[in-house]
Every structure is written in C-alpha cells, then in structure tokens.
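Heads up, the thing below is written out as structure tokens.
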Amino acid sequence: MANIGIIGTGIFGTALAVTAAKAGNNVLCWDRNAEVINSINKKHVNAIHLPEISLPHDISATADLAQIFSFAEVILLAVSAQATRSVLKQLKPFIKPETIIVFCAKGLEAQSGKMLSEIAAEEIPQTEIAILTGPGFAIDIARGKLTCVTIASAQEGTAHKITQLLGTSYFRPYSTQDIIAPQIGGSVKNVIAIASGIIEGAQLGVGARAALITRGLAEMTRLSMTMGGNLTTLMGMCGLGDLVLTAGSTQSRNFSFGYEVGICGHAQKVLSRNTQTVEGIYTTQAVIRLAYNLNVEMPICEIVYRILFEDMALEEAVKELMSRPYKEEGAGF
C-alpha cells in the first residue's frame, strides 16, 4: 500500500484513481473545481467527469497542491500533453527529492515536437519520472474491464515499482526501461487513428484501414528507432496494442474526429466546430516537425497534416498515397 496523488481529475485521471485505490492504495486527487472536490469527498463520485462510477472511499480530493505532495510519493499526472509544461511549472515548488512523477498523457508538444520526458528534463531535471501508456479507454478502466498497459522509466526499478503499486486483477502493467518507444508509439498512433477514422467516414473499405494501420505501424517504427526506441517495445502494448485499439474504435476521439472529416471530405468545417480535446491534431504538427528534422519518411502522417492544416481534399490525399512508388514487402521499416 502507498499514498498516490492524482493531478487532473478528468475521466482518465479519475479512472486511474479508481484503479490505484482498488490496488490497495490511498489516493488523493487535486482539482481546481470545488464542485468536483465536494462531489468526490462527500458523494464518492466525480459528478462532472464520471458520474456513473462510484468511487472507493480510499479516494479523496483537495484544491491544495502542497497537500498532494505532502501526502504522496508517487504522483500520476493526468493532464493533456499540451498542458504538461505549464502544469510542471506550477508543480516545481512542491516537488520533493523522493517524488516520482508518472506522465499519463499521450502526445508530443506541438510547438517544440518534444516528448514529455524531454519537457520534464527541462522543467524538473532532478525528478524521477515514469510514463504510463498503452491500449485502454478511461471508461473501460473505470468499469474494471480487462486492460494491459506499459509503464516505462529509464531509472532501474522505477517502472517495476509503479507496476506493483497499480496492478490489479483487471489492470495489468508491463514494465520497460525504454522510454522512447512508449512515447512515440502513444503519440503517432493518434495521428494514424485520425487517418483510420477518415477512411471509415469516407467508406473506403476495411481493406484500406488494414493497409493504413500496417503502414502506419511502419512509420511509427521508423521514427521511434531513429530516436533510439526499441523495436521489441514498440511491438508491445505501447505501440502495436495502442494502435490497434485507437485506430479501430469509435470510442477514440481521434478516430471519431477523423470519421467526421471522412464524411465531409475536408477538415476545415470539422475543425471549426470541434469542441473536444483531440490530441492527434496537435501531435500531427509535432510528428511532422520531428520527421522533417530527423529525415524520417512518414507519408501517412504528412498527408494527415496536409488535410488538417493545408485544406487538402480527401480525394487528392488518397490519389497521392496510392500513386507512391511500389515497394518490396519486408524490406525493412
């Protein structure tokens, strides 16, 4: 048993709080919203973000960041990738030498193209960190559906420690010291999921989706290995597993967003009316910046970028991808 803090009590943060509590830990959540805090403390439910799930009594909430860091040695940071840097700046004064920060978002910083571990190295360089990623929708985790994830940390023993703290009969973490592949896998899969949704919305066929996921995995692999990621890691939960889930389910915001684009044939109308956080939109910008800087060929991600940010028509996008030079199967990634 341990004391675990949760920063960010949206759907995913609350689902992780439930899992951590069911694993036998005491959990303290942080939120700015007084209604969320009162709801958790008095009614044992997150009435705003997850009203249908009863929360274990081992979960409580506070608006005091200092209290979170006094209470917990392990902090699960469940804010979006784009908000991570600004949140870390707020947390700096409270972090203790023994604190472990576990990043639970998937994505790259849009403006810099940096991974969350790189942001951490800049903002909190002395703090031990880990990455939690893999194929799991928040609502399924909260309901106790079988889920497997990856927990990564470059520090020896840290990922194993977090695994032991969070593992339950329904939530199975796999540990690794490779922090590159889990972050690239969890980021690029969002871009491929948008493309997969576009194919579904445009009714291009399940064969097209199968081809897209396969070639998307190749692009993810090229980028990850160029950055020093391990191929074996990427073939696990954090890469292939997460890609299969996100690129094939309407529960995915990225897939659903792409689906609407596929129906419209253009992205601009969908972008203008979108009110949800679709991490893949931001990640597309970062992935293309990385690919360009590292000279990595990523044609699917590039096409998604052009559809989203250069108003490329779907018909033109399909024609361009299908007219690329033929390649030999199995000739590397």
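The values are calculated or read from the model by the stated rules, or taken from the named source; none is laboratory data. Bear in mind the structure is a predicted one, so any value in this text is a computation, not a measurement. So basically every Cβ, Gly included, is an ideal-geometry build from the backbone, and we count neighbours across all protein chains shown.
Inspection of the stretch 302-316 identifies no residue that is within 30 Å of residue 153 (Cα to Cα), touching a residue at least 24 places away in the same chain (Cβ under 8 Å) and not assigned by TED's automatic domain parsing to the domain that holds residue 154.
Residue-wise test of (1) over 21 Å from residue 88 (Cβ atoms); (2) exposed (fewer than 15 other Cβ atoms within 10 Å of the Cβ); (3) touching a residue at least 40 places away in the same chain (Cβ under 8 Å).
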position: 13; (1), (2), (3): no, no, yes
position: 16; (1), (2), (3): no, no, yes
position: 21; (1), (2), (3): yes, no, no
position: 37; (1), (2), (3): yes, no, no
position: 43; (1), (2), (3): yes, yes, no
position: 50; (1), (2), (3): yes, no, yes
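Just one of the numbered conditions (1) within 29 Å of residue 132 (Cα to Cα); (2) in contact (Cβ under 8 Å) with a residue 40 or more places away in the chain; (3) surrounded by 23 or more Cβ atoms within 10 Å (Cβ to Cβ) is not true of residue 245: (3).
Taking the listed residues 245, 271, the one that is closer than 15 Å to residue 187 by Cβ, part of a helix (DSSP H, G or I) and either at pLDDT below 95 or out of contact with any Leu (no Cβ under 7 Å at 6 or more places or on another chain) (or both) is 245, with no other qualifying. Of all residue pairs spaced 6 or more apart or on separate chains, those with beta-carbon atoms under 6 Å, a first member in the stretch 78-96 that is within 17 Å of residue 115 (Cβ to Cβ) and a second member that is assigned to a loop (DSSP other than H, G, I, E, B) and among the hydroxyl-bearing types (Ser, Thr, Tyr) are 80/277. Residue 232 meets each of the listed conditions (1) touching a residue at least 12 places away in the same chain (Cβ under 8 Å); (2) surrounded by fewer than 17 Cβ atoms within 10 Å (Cβ to Cβ); (3) out of contact with any Leu (no Cβ under 6 Å at 6 or more places or on another chain); (4) among the polar types (S, T, N, Q) apart from (1).
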